1. Residues in the range 198-227 near a label at residue 154, defined as backbone nitrogen under 18 Å from the 7 Å Cα→Cβ point?
2. Normalise the Debye intensity by I(0) for the range 102-228, one equal point scatterer per Cα, no solvent, then take log10 at q = 0.10, 0.12, 0.21, 0.22 Å⁻¹ and round to two decimals.
3. Provide the net charge surrounding residue 5, with neighbours chosen by a C-beta distance below 9 Å and charges set as Lys +1, Arg +1, Asp -1, Glu -1.
4. Toward the positive end of the charge dipole of the range 31-226, about the Cα centre and with charges on Cβ (Lys, Arg +1; Asp, Glu -1), which of 105, 150, 208 goes farthest?
5. Ranked highest first by the average count of other Cβ atoms within 10 Å around their residues, in what order do 66-77, 81-92 fall?
6. Let's test the formula: R0 of 35 Å, r as the Cβ-Cβ distance of residue 58 and residue 99. What FRET efficiency results, to the nearest 0.05?
7. Just from its helices, what would the mean residue ellipticity at 222 nm be for the chain, if runs of 4 or more DSSP H residues each count -39500 (n - 2.57) and the sum is divided by every residue, rounded to the nearest 500 deg cm²/dmol?
Amino acid sequence: MGTSRIIHLTGDGSHTIVSPELNVSYHSKHGAIQESMHVFIKEGLHYLSARNLFNKDEALNVFEVGFGTGLNTWLSLNEAIKHSQKIFYQTIEPYPLSIDEAEKLNYSSIFNKELQKHFFQLHKCEWNKEIIIHPLFLFEKLKVQLQDFSSNKKFHLIYFDAFDPTAQPELWTENIFRKMFDVLTSNGALVTYCSKGIVRRAMQAAGFSVEKIAGPPGKREIVRAIKA
C-alpha cells in the first residue's frame, strides 16, 4: 500500500494524504490541522489535562493508532513544549510514509523553525526504539498492525485515528476496543473522529463510557470514550 498516495490541500491550507487504493483521506478535506487540533488536542489532551487526574510531575502517556502524516504527534509535541508537560508518546503505523512524502507536506512551513526540525525528526528517527525528540517528549513509533500491538505500559490518553470503518472495519470492533480499554489507566480517555453507532456500541461493549461531542468544521459529532 502507498504507491499511489496523493498530497491534497485542505480547507485550512494544510496538507493531507489521499489513498485512492482505500478511497480514504488521512484528514478532513475541511482542514487537516484544525481537525487534529479539535479532535485530539482540544477534546483529548486539553480535556484530560483540565481534569487534573494525573500527576503532572510525571509524563502523560499517549498512544496513537495511526502515525500517518505525523501531524497529531507533532501537534502534541508543540503542546508539551508550550505547557511544559512531559509526554511519553507511542504510536503505531504499519504503512509509513516515505521521507520524500513527508518532506512534501507543508505543516512545517506553518510553524517556527525549531518545530520544523522536530517534524522531520519524527519521520526520520529509528523505528521500534524510544527517542528523545525534546527534553519534554519521549517518542516511540512501532511498525506493527493494531491487532498485533501489545504494551506493558498504561496510557492516559489514546488518539484513535485509524482509517474509516468502511476502509478498515477490522479496527473498529469490540475486541479492538477491549484491547484499548485494557491499556488505558483508570479515568483515561480515548478520542476519535468517528461517531458511527456501530463504533459507539463496540466501545460500550468493551466497557467504555461513551459520549458524543461537537466536531470540527464539516463534522457534526466526534466521540470521547472514558475508562471509568
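1. Hits in the range 198-227 for residue 154 at 18 Å: 207-209, 226-227.
2. Log-scaled intensity ratios, in q order: -0.40, -0.58, -1.24, -1.26.
3. Working: positive: none; negative: 21, 101.
After counting each charged neighbour, the total is -2.
4. The residue sitting most towards the positive pole is 208.
5. Numbers: 66-77: 24.2, 81-92: 17.7.
Top of the packing list down: 66-77, 81-92.
6. Values: r = 33 Å, r/R0 = 0.95.
Using R0 = 35 Å, I get an efficiency of 0.60.
7. Numbers: 7 runs with 60 residues, N = 228.
Using -39500 (n - 2.57) per qualifying helix, the result is -7500 deg cm²/dmol.
The numbers here are math on the coordinates, done by the rules we state, and not lab data. Just so you know, these numbers come straight off a predicted model, no measurement behind them. Neighbour counts run over all protein chains shown; Cβ positions are idealised from the backbone, glycine included.
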